[in-house]
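Each remark here refers to the structure printed beneath this line.
The values are calculated or read from the model by the stated rules, or taken from the named source; none is laboratory data. Predicted model, so just to flag it, every value in this text is computed and none were measured. Because the Cβ atoms are built from the backbone with ideal geometry, glycine has one as well, and the counts that use them run over all protein chains shown. Remember, those area values only see protein heavy atoms, side chains included, never the ligands or the DNA or RNA. Shrake-Rupley method; radii C 1.70, N 1.55, O 1.52, S 1.80 Å.
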Amino acid sequence: MEKHLFIGAMLCSLLFACKEAPLEDPTLGKTSKSTPTIKQYYQFTPFAGDGKPGNCDGRPNVARFDNPGGLAAYSDGSLLVADMFNYKIRKVSPTGVVSTFAGGKKGRIDGPLAQAQFEFPAGVAIAPNGTIYVLELGYVRKIKDGIVSTIPLNQSFGSGSVIAVSPSGKIYISHFDKSQILRISEDGEIVVVAGSDPGFKDGIGNSAKFKNPRGLAIDLDETIYVADSQNRRIRKISPSGVVTTLAGDGDFNNRDGQGTDASFIRPETLTIAKDGNLYLCGSNGDLKRITKSGLVTTLETTTFPWFSTNYITSVNNTLFVVDNSSPKIFKLDLY
């Protein structure tokens with residue numbers, strides 16, 4: 001009897017000791033501690049515009065835009081902005097000072113910068129040789145050596161279309177209404193690079209299908225990335241015209257992930273930063289990083305406003321975003 005009592009007491013003391021002992025890391029020989037997850041937050045700062053619609057040049061907190069649209073960046077950090085309802089192309093210095101670059105009256109008159117007129121300029125792109133292309137609702141204008149001219153095209157482009165220029169100087173337009181990606185020449189030739197009737201399909205050239213494509217970003221090797229807005233996917237067009245899906249499963253959702261494990265509410269506009277990654281603005285007001293392998297990550301931002309319609313560009317590793325409802329331009333340094 002005494003023997004059984006002794007064994008029971010020993011077992012109880014062992015169990016009690018085990019319960020009280022701290023957990024040990026067998027590899028380190030010391031008490032383990034959980035490592036807290038550290039999030040990196042990115043901060044957008046106001047760059048130009050006082051946030052009220054208007055038509056005013058000047059310092060960042062004085063200047064005003066009226067429904068600004070597409071923007072393009074020079075290597076020195078200055079910007080060109082298509083100021084739609086002011087019928088102007090605005091220039092923003094690297095310090096955020098705004099001036100009128102061209103236009104100012106509604107019309108379609110070619111000529112010197114100060115005399116030229118625009119009708120709802122919606123997008124702008126800068127070619128490697130310095131030539132500027134402006135997308136209007138129905139036309140494409142060219143600015144070279146201080147003179148504005150019109151490229152003779154036999155079709156118009158509806159609201160939502162975006163213009164971009166490749167590193168080799170080729171001009172591309174996402175035709176929002178026709179769901180096609182076009183290449184145009186300065187003499188007016190139009191080539192369908194990819195797309196046919198609206199839908200979703202990977203493939204080659206016009207066998208592929210998009211649905212209301214918007215943002216375009218073109219890599220150094222001439223690969224085109226497309227924000228396929230109503231398909232809620234990021235598409236990729238190789239230099240040979242092969243269309244594939246880089247990211248997105250088509251669901252109306254907001255989920256990070258690899259390739260088709262990710263979901264978007266509605267992808268809008270794209271840019272490629274110096275770090276080689278794509279940066280995407282969506283209609284739900286968030287900012288996403290997409291690697292060339294298709295990994296989608298939402299950037300945590302402390303001051304990112306809820307954009308209604310947004311346009312994004314980059315120079316080096318700095319992002320610039322237009323919120324045309326503020327209307328204001330914001331800046332974010334990635335590194």
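Regarding residue 156, is this residue open to solvent by 10 Å² or more (accessible area, probe 1.4 Å), of a type in the set (Gly, Ala, Ser) and farther than 27 Å from residue 245 by Cα? Write out each step before concluding.
Details: open to solvent by 10 Å² or more (accessible area, probe 1.4 Å): yes; of a type in the set (Gly, Ala, Ser): yes; farther than 27 Å from residue 245 by Cα: yes.
Considered against the rule, which asks whether it is open to solvent by 10 Å² or more (accessible area, probe 1.4 Å), of a type in the set (Gly, Ala, Ser) and farther than 27 Å from residue 245 by Cα, residue 156 comes out as yes.
From the set of residues in the stretch 284-294 that are crowded, with 19+ Cβ neighbours inside 10 Å and on the phi < 0 side of the Ramachandran plot, which is modelled with the highest pLDDT?
Of the stretch 284-294, the ones crowded, with 19+ Cβ neighbours inside 10 Å are 287-288, 290, 294.
Narrowing further to those that are on the phi < 0 side of the Ramachandran plot: 287-288, 290.
Values: 287: 89, 288: 94, 290: 97.
That would be 290.
Sort through 234, 224, 218 and tell me the only one that's in contact (Cβ under 8 Å) with a residue 24 or more places away in the chain and open to solvent by 20 Å² or more (accessible area, probe 1.4 Å).
From the options 234, 224, 218, the qualifying one is 218.
Checking residue 183 against (1) crowded, with 23+ Cβ neighbours inside 10 Å; (2) assigned to a strand (DSSP E or B): exactly one of these is not met. Which one?
Evaluating residue 183 over (1) crowded, with 23+ Cβ neighbours inside 10 Å; (2) assigned to a strand (DSSP E or B) leaves (1) as the failure.
What strands (runs of 3 or more DSSP E), lying completely within the stretch 97-163, carry at least 1 residues that are farther than 17 Å from residue 70 by Cα and aliphatic (A, V, I, L, M)? So that I can check it myself, show each step before the final result.
Details: elements: 98-103, 121-126, 132-136, 140-144, 147-151.
In the stretch 97-163, the matching strands (runs of 3 or more DSSP E) lie at 147-151.
In the stretch 217-263, what count of residues is obtained for those that are in a strand (DSSP E or B) and not charged (D, E, K, R)?
So the answer is 18.
Return yes or no: is residue 91 modelled with pLDDT of 95 or more, under 22 Å from residue 269 (Cβ atoms) and open to solvent by 40 Å² or more (accessible area, probe 1.4 Å)?
Values: modelled with pLDDT of 95 or more: yes; under 22 Å from residue 269 (Cβ atoms): yes; open to solvent by 40 Å² or more (accessible area, probe 1.4 Å): yes.
Yes: the conditions hold for residue 91.
Filter the stretch 249-276 down to the residues that are under 11 Å from the mean Cα position of the chain (by Cα) and open to solvent by less than 30 Å² (accessible area, probe 1.4 Å) and list them by number.
Correct list: 267, 268, 269, 270, 271, 273.
Do the conditions hold for residue 297, that is, is it assigned to a strand (DSSP E or B) and either open to solvent by less than 30 Å² (accessible area, probe 1.4 Å) or aliphatic (A, V, I, L, M) (or both)?
Spelling it out, it is not the case that residue 297 is assigned to a strand (DSSP E or B) and either open to solvent by less than 30 Å² (accessible area, probe 1.4 Å) or aliphatic (A, V, I, L, M) (or both).
For the stretch 109-154, give me each residue that is farther than 21 Å from residue 175 by Cα, touching a residue at least 40 places away in the same chain (Cβ under 8 Å) and more than 25 Å from the chain's Cα centre (by Cα). Spell out the reasoning first.
Step one: list which residues in the stretch 109-154 are farther than 21 Å from residue 175 by Cα, which gives 109-117, 128-131, 143-149.
With the extra rule that they be touching a residue at least 40 places away in the same chain (Cβ under 8 Å), the set shrinks to 110, 128-129, 143, 148.
Residues satisfying the conditions are 110, 148.
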